Amino acid sequence: MFENNSVAKLLKIKYPIIQGGMAWVADADLAAAVSNAGGLGVIAAASMPAELLEEQIVKIRKLTDRPFAMNIMLLSDTADDALEIAVKYKVPVVTTGAGMPGKILERLKPLGTIVIPVIASTAHAERVFKQGADAVIAEGNEAGGHVGEITTMNLVPQVVDVISIPVIAAGGVADGRGMVAAFALGALGVQIGTRFVCAAESNVHINYKEKIIGANDRATVVTGRSTGHPVRGFKNKLSKEFDELEKRGALPGDLEKLGAGKLRLAVVEGDTEWGSLMAGQSAGLVKRIEPASAIIEDIISGAIAQIEKLKRFAD
Ligand code: TUI
């Protein structure tokens, strides 16, 4: 079906669906399940010390012979280590987030690694295009975790207009309708995070998954704008405390202290009040825990059904 899709061809995958590179969430188990289902599974380096990251790469190669990616979060202290591990293990695809990946492109492009930066503005898209990126992931404000200001609806077509490499849409995509909408805006693939948090193969604490399944459209909020690194996650005691500190003009250092270790607290310990439950606005679309293969099949069949409706412009 996607034989002529340039993202599927570039990545040698069946469906142009890329799993989000979610710190603490995106391990070899989840990534292998996504890759085995025909998407691109992603291991997030951000939360992993070097030995654990190496172990996870060895593990995913046992679990799948399909392509997979490593996500390098550029704000992380271990980004340089992760880059060298990507080289050592010849990881086929690297996605980057939360910064400008000039150094990563310089190191990996000569080796033939496919590099796909996440960007949140047209200026960033143009920069990484000139630096040799193979594609970009244009991530809108609806996404979970660290977010830019522009919505997916506006970001994607404006990015498509300024670069001539494939654009993958992220932020607010969780089902077939979202995938078709992304393609209507000119994207040639989608990145999905929040829905894969609830995959059966995801090792995220059940409390976190249940929060997503119980969420409505207004369940998330962006905090931390004053730090320069705004983050979207569930409204809870932590987000309220963060908001209050920010309103009182707290120093970035104090806000950082409040945030430290809170993603782990949510993902590993299942603390839904004081943990940082990063999630996108699409949490309201996620209805159940199901295998990654069922998620991907539902997205593809939903997209086909939606296209049929669109052809008739009617119900
Ligand atoms: O990176 C993400 N999502 C993330 S990273 C993360 S861990 C974190 N924890 C605490 C504070 C901040 C982060 C959780 N979720 N998505 C990709 C993404 N990249 N979204 C936006 C950007 C981005 C932003 C600025 C990319 C480039 C950029 O460039 C700014 C610059 O000039 O450095």
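The values are calculated or read from the model by the stated rules, or taken from the named source; none is laboratory data. Quick caveat, the model's predicted, so the values are computed rather than measured. Cβ sites come from the backbone with ideal geometry, for glycine too, and all protein chains shown count toward neighbours. Areas reflect the complete protein model, heavy atoms only, side chains present, ligands, DNA and RNA absent. Shrake-Rupley method; radii C 1.70, N 1.55, O 1.52, S 1.80 Å.
Values for this structure:
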read-out	value
Scan of the stretch 209-247 for residues that are basic (Lys, Arg), within 26 Å of Leu30 (Cβ to Cβ) and within 16 Å of the ligand (Cβ to nearest atom), ordered by number	Arg232
Some residue of the stretch 190-199 being more than 11 Å from the ligand (Cβ to nearest atom), aromatic (Phe, Trp, Tyr) and under 24 Å from Gly233 (Cβ atoms)	yes
So Ser164, is it farther than 30 Å from Tyr89 by Cβ, within 10 Å of the ligand (Cβ to nearest atom) and either of a type in the set (Ser, Thr, Tyr) or outside the structural domain of Ala26 (by TED's automatic domain parsing) (or both)	no
Pairs with Cβ under 7 Å, 6+ apart, first in the stretch 168-192 and under 22 Å from Thr96 (Cα atoms), second at pLDDT below 95 and surrounded by fewer than 20 Cβ atoms within 10 Å (Cβ to Cβ)	none
Among the candidates Ala46, Ala32, Ala26, residue that is hydrophobic (A, V, I, L, M, F, W, C), open to solvent by less than 20 Å² (accessible area, probe 1.4 Å), in contact with a strand residue (DSSP E or B) (Cβ under 7 Å, 6 or more places away or on another chain) and within 23 Å of Ala98 (Cα to Cα)	Ala26
Filter result for Ala33 (within 18 Å of the chain's Cα centre (by Cα), assigned to a loop (DSSP other than H, G, I, E, B) and closer than 17 Å to Glu201 by Cβ)	no
Only one of Glu256, Glu269, Glu246 that is at pLDDT 95 or above and either outside the structural domain of Gly140 (by TED's automatic domain parsing) or not small (Gly, Ala, Ser) (or both)	Glu269
Residue pairs meeting the criteria (Cβ under 8 Å; at least 6 apart or on separate chains; first among the aliphatic types (A, V, I, L, M), in the stretch 291-307; second modelled with pLDDT under 95)	Ile300/Met1
Any hit, the stretch 137-154, residues being in a loop (DSSP other than H, G, I, E, B), acidic (Asp, Glu) and open to solvent by 10 Å² or more (accessible area, probe 1.4 Å)	yes
Residues located in the stretch 58-79, provided they are touching a Ser or Thr at 6+ places or on another chain (Cβ under 7 Å), away from the ligand (no atom under 16 Å from the Cβ) and either in contact (Cβ under 8 Å) with a residue 60 or more places away in the chain or part of a loop (DSSP other than H, G, I, E, B) (or both)	Thr64, Arg66, Pro67
Filter pass, Thr113 being at pLDDT 95 or above, open to solvent by less than 40 Å² (accessible area, probe 1.4 Å), more than 16 Å from the ligand (Cβ to nearest atom) and under 20 Å from the mean Cα position of the chain (by Cα)	yes
One residue from Leu40, Leu52, Leu63 being within 17 Å of the chain's Cα centre (by Cα) and either not assigned by TED's automatic domain parsing to the domain that holds Gly233 or not small (Gly, Ala, Ser) (or both)	Leu40
Among (1) within 27 Å of Ala44 (Cα to Cα); (2) hydroxyl-bearing (Ser, Thr, Tyr); (3) in a helix (DSSP H, G or I), the one test that Thr272 misses	(3)
Members of the stretch 80-110 that are within 13 Å of the ligand (Cβ to nearest atom), open to solvent by 10 Å² or more (accessible area, probe 1.4 Å) and without any contact (Cβ under 8 Å) to a residue 40 or more places away in the chain	Gly99, Met100, Gly102, Lys103
Residue in the stretch 9-22 that is open to solvent by 10 Å² or more (accessible area, probe 1.4 Å), in contact (Cβ under 8 Å) with a residue 12 or more places away in the chain, within 16 Å of the ligand (Cβ to nearest atom) and closer than 18 Å to Ala170 by Cα present	yes
